[in-house]
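The values are calculated or read from the model by the stated rules, or taken from the named source; none is laboratory data. Computed from a predicted structure; not experimentally measured. Cβ sites come from the backbone with ideal geometry, for glycine too, and all protein chains shown count toward neighbours.
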Amino acid sequence: MPYYQEAIETGRRVLGDEHPSTLVSINNMGRVLFLRGMYEEAESHLKEAVDGRRLVLGNEHPKTLDSINNMGAILAERGRYEAAETLFVETFETSRRVLGNENSHTRLSINYLIELYDAWGKPEKAAEYRAMLEVLEAAKANEAEESAPAVP
């Protein structure tokens, strides 16, 4: 983790707090802290990454959506399901509208919602998103099959 901290400090000093590269380091540090179970520190870093990316890149940028999903994951892990749901629904709806159903960000957002609803004890909501994911995956498989060259 010292390397991430050094990258953040250098980024802040050389590029500024809101430079996209600095925000990458802040987001990555938040993920590492999350994976190490250091949830309070992780949440602080991820909040800064979300706020910075919203400001600099906009609400619809894939990197912003990544940070929002990361923040949702930490909130879900800490049992703050309603707050996590708000973020996951936002990324799902934005990904779907801006990037399309076929985009990996959209499918990732659906997976986050499934995991959230399973953890939250809302199996009917999880099933709704599982069904949606199955439809998207089937459409993707059909599209790949149709675009494959014919084999003589």
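Of note:
- Residue pairs meeting the criteria (Cβ under 6 Å; at least 6 apart or on separate chains; first free of Cβ contacts under 8 Å to residues at least 12 places away in the same chain, in segment 110-136; second in a helix (DSSP H, G or I)): 118/126
- Some residue of segment 52-69 being surrounded by 23 or more Cβ atoms within 10 Å (Cβ to Cβ), in contact with a His (Cβ under 9 Å, 6 or more places away or on another chain) and within 22 Å of residue 131 (Cα to Cα): yes
- Of the residues making up segment 54-90, those that are in contact with a Pro (Cβ under 9 Å, 6 or more places away or on another chain) and closer than 21 Å to residue 104 by Cα are 57, 63.
- Residues satisfying the stated conditions in segment 85-109, i.e. crowded, with 20+ Cβ neighbours inside 10 Å and aliphatic (A, V, I, L, M): 87
- Annotation: of all residues in segment 101-152 being part of a loop (DSSP other than H, G, I, E, B) and at pLDDT below 95, the one that is farthest from residue 86 (Cα to Cα) is 152.
- Within segment 93-125, the set of residues being polar (S, T, N, Q) and within 15 Å of the chain's Cα centre (by Cα) comprises 94, 95, 103, 104, 106, 109, 111.
- Taking the criterion of being farther than 28 Å from residue 136 by Cα and touching a residue at least 24 places away in the same chain (Cβ under 8 Å), the only residue of segment 58-99 that qualifies is 78.
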